[in-house]
Structures are given as C-alpha cells and as structure tokens.
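J.: Here it is: the structure, laid out below.
The values are calculated or read from the model by the stated rules, or taken from the named source; none is laboratory data. What you see is a predicted model; the values in this text were computed from it and never measured. With ideal geometry, Cβ positions are generated from the backbone for all residues, glycine too; neighbour counts draw on all protein chains shown.
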Amino acid sequence: MSTFTAWRKSSYSGPPDNDCVEVGFGGDGVGLRDSKAPDEGVLVLSRRGWAGFLSTIKSGDAQVGR
C-alpha cells in the first residue's frame, strides 16, 4: 500500500460544494480519490498509466460519458 502526499484538486472545482477528483503522488504511482469521500478508497495508476491518461484527455480522444 502506497502513501500518497500533497493531495491536490483542480482550481476549477468551486462553489457550491468544491467536490472534485483529487490527485496525490506516491512511491507506487499516482492516486486518485473523490474529495467528497477521501477515506472510501484510492484508484492507483502507474506513472506511465497516469501519463497515458493525461495524454488521452488532452488529445480530446477520451470517450467521456459514452
């Protein structure tokens, strides 16, 4: 189990609830968690997986909501 530090969320997450996905970095890779329920679990991606995820999102090729 990895320990993730310096959890961050987007500056675009704003009122009314400030709910967002948080990202933390650790020895085993990158952790993602729900800011509304941070104790409910963490999705862990390898650093390579995280880079691929970001690349897909930035390219516009992600099939979000389909």
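J.: Among the residues of region 19-66, which ones are surrounded by 15 or more Cβ atoms within 10 Å (Cβ to Cβ), modelled with pLDDT of 90 or more and not aliphatic (A, V, I, L, M)?
T.: E22, G24, F25, G26, G29, G31, R33, D34, W50
J.: Within region 15-44, which residues are farther than 12 Å from F4 by Cα and hydrophobic (A, V, I, L, M, F, W, C)?
T.: Once the filter is applied, which keeps residues that are farther than 12 Å from F4 by Cα and hydrophobic (A, V, I, L, M, F, W, C), region 15-44 yields C20, V21, A37.
J.: Would you check if there is a residue in region 18-33 being touching an Asp or Glu at 6+ places or on another chain (Cβ under 8 Å) and either in contact (Cβ under 8 Å) with a residue 40 or more places away in the chain or of a type in the set (S, T, N, Q) (or both)?
T.: Within region 18-33 (the criterion being touching an Asp or Glu at 6+ places or on another chain (Cβ under 8 Å) and either in contact (Cβ under 8 Å) with a residue 40 or more places away in the chain or of a type in the set (S, T, N, Q) (or both)), the answer is no, since none of the residues qualifies.
J.: Give me the pairs, please: first residue somewhere in region 34-52 and in contact (Cβ under 8 Å) with a residue 12 or more places away in the chain, second residue anywhere and assigned to a strand (DSSP E or B) and among the aliphatic types (A, V, I, L, M), beta-carbon distance under 6 Å, and either six or more positions apart or on two chains.
T.: Hits for this filter: L43/L32; L45/V30; W50/V30.
J.: Pick from region 1-13 the residues that are surrounded by 10 or more Cβ atoms within 10 Å (Cβ to Cβ) and at pLDDT below 80: which of them is farthest from the chain's Cα centre (by Cα)?
T.: So, considering only residues that are surrounded by 10 or more Cβ atoms within 10 Å (Cβ to Cβ) and at pLDDT below 80, the one farthest from the chain's Cα centre (by Cα) is S2.
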